[in-house]
1. Do we find a residue being touching a strand residue (DSSP E or B) at 6+ places or on another chain (Cβ under 8 Å) and among the basic types (Lys, Arg) anywhere in region 12-26?
2. For the subset of region 47-73 comprising residues that are modelled with pLDDT of 95 or more and of a type in the set (Val, Ile, Thr), which member is surrounded by the most Cβ atoms within 10 Å (Cβ to Cβ)?
3. Only one of ASP12, ASP38 is of a type outside the set (Ser, Thr, Tyr), part of a loop (DSSP other than H, G, I, E, B) and at pLDDT 90 or above; which?
4. TYR36 passes all but one of (1) under 11 Å from the mean Cα position of the chain (by Cα); (2) loosely packed, with under 10 Cβ neighbours inside 10 Å; which number fails?
Amino acid sequence: MLTKINAQNTTDGNPRRGWILTSATGGFIKFYDEGYDDGGEELRELRNAGESESYPSINVTPKEYKRIKGLVG
């Protein structure tokens with residue numbers, strides 16, 4: 001399952017958005033930093049595979065975004 005993560009932009013105006021991929025049981029698999037390339041080819045393929053799906057989106061603090069971004073699956 002994919003979940004969109006949103007945090008405030010950096011002080012330079014750069015976006016802090018990403019996606020968390022979790023297993024069917026809710027276990028963390030991978031974090032994708034969306035950046036300016038829409039998350040890269042792997043994320044685009046995952047999102048296209050679930051075209052009809054609506055993905056949940058959550059807002060987090062910049063500190064929490066950084067913590068999530070540092071997780072390793």
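1. Yes, region 12-26 contains at least one residue that is touching a strand residue (DSSP E or B) at 6+ places or on another chain (Cβ under 8 Å) and among the basic types (Lys, Arg).
2. VAL60
3. Just a single option satisfies the conditions, and that option is ASP12.
4. Every listed condition holds for TYR36 apart from (1).
The values are calculated or read from the model by the stated rules, or taken from the named source; none is laboratory data. Source: prediction; values computed, not measured. Cβ coordinates were reconstructed from backbone atoms using ideal geometry, including for glycine residues, and neighbour counts include every protein chain displayed.
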